[in-house]
C-alpha cells in the first residue's frame, strides 16, 4: 500500500513540475516580467488551478525541491475535534433563534471566546 501511495505522490509531483517548469525556466533565465506573467497565465489555464495554488507550488519547489510538489495531507496527526461544550453552545444558540445562520452563530461564539480571553488577562 505504501508503494502505491509513494507512486501516486511521485506522479502528482511530476505533473505539478510539468505545469510549473516553463515558469521556473523563465525565472532562471531572468526573463522579463511580462513573459513570466504570460507563462503563469498559460499554466493556470492549462491546469485549471488558482493563482494561489500556482504560487504555492512554485514556492514549495524553490524551498523543498521535487518533494515539495508531492501531495501532502492537510490532516497531520490526530484529527481536530470540536469540544462537545462548544457544539452544545452552538446548538443552544440555534434553538434560541432558529433563523440564526451558521456564520452568525460562529460570530457569536468567537465574540464570547474573545471576551473570555480578555477577562482572563
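Figure the gain on full extension for residue 82 and residue 29 (residue separation times 0.36 nm, minus the Cα-Cα span) and round it to one decimal in nm.
Working: separation 53, 0.36 × 53 = 19.08 nm, distance 4.92 nm.
The residue 82-residue 29 span can extend by a further 14.2 nm.
Would you mind listing how long the chain runs along its three principal axes, going by Cα atoms, in whole Å with the largest first?
Principal-axis extents of the Cα atoms in the chain, largest first: 61, 42, 34 Å.
Compute the long axis of helix 102-120 from its Cα atoms, compare it with the longest principal axis of the Cα atoms of the chain, and write down the angle in degrees, 0 to 90, nearest 10.
That helix lies at roughly 70 degrees to the long axis.
Mind telling me which of 72, 81, 35 comes out most flexible in a GNM of the chain, alpha-carbon contacts under 10 Å?
Residue with maximal mean-square fluctuation among 72, 81, 35: 81.
Please report the relative contact order for the chain, taking Cα pairs under 8 Å with a sequence separation of at least 6, and give it as a percent rounded to a whole number. Intermediate results must be reported in sequence, preceding the final value.
Numbers: 53 pairs, mean separation 29.0, N = 121.
After rounding, I find 24 percent.
Could you give the angle, 0 to 90 degrees to the nearest 10, between helix 51-64's Cα long axis and the longest principal axis of the Cα atoms of the chain?
So the helix axis and the longest Cα principal axis differ by about 70 degrees.
Tell me the mean residue ellipticity at 222 nm calculated for the chain from its helices only (DSSP H runs of n ≥ 4, each -39500 (n - 2.57), averaged over every residue, nearest 500).
Details: 5 runs with 88 residues, N = 121.
Rounded to the nearest 500, it is -24500 deg cm²/dmol.
With each pseudo-label sitting 7 Å past Cα toward Cβ, what's the residue 51-residue 99 distance in nm, one decimal?
With each label placed 7 Å out from Cα toward Cβ, I get 3.9 nm.
Rg and Dmax of the range 1-72, using alpha carbons, in Å: what are they?
Rg and Dmax of the range 1-72, Cα atoms, are 12.9, 45 Å.
No lab work stands behind these numbers, since they all come straight from the coordinates. Computed from a predicted model, the values in this text were never measured in an experiment. Backbone-built Cβ (ideal geometry, glycine too); neighbour counts: all protein chains shown.
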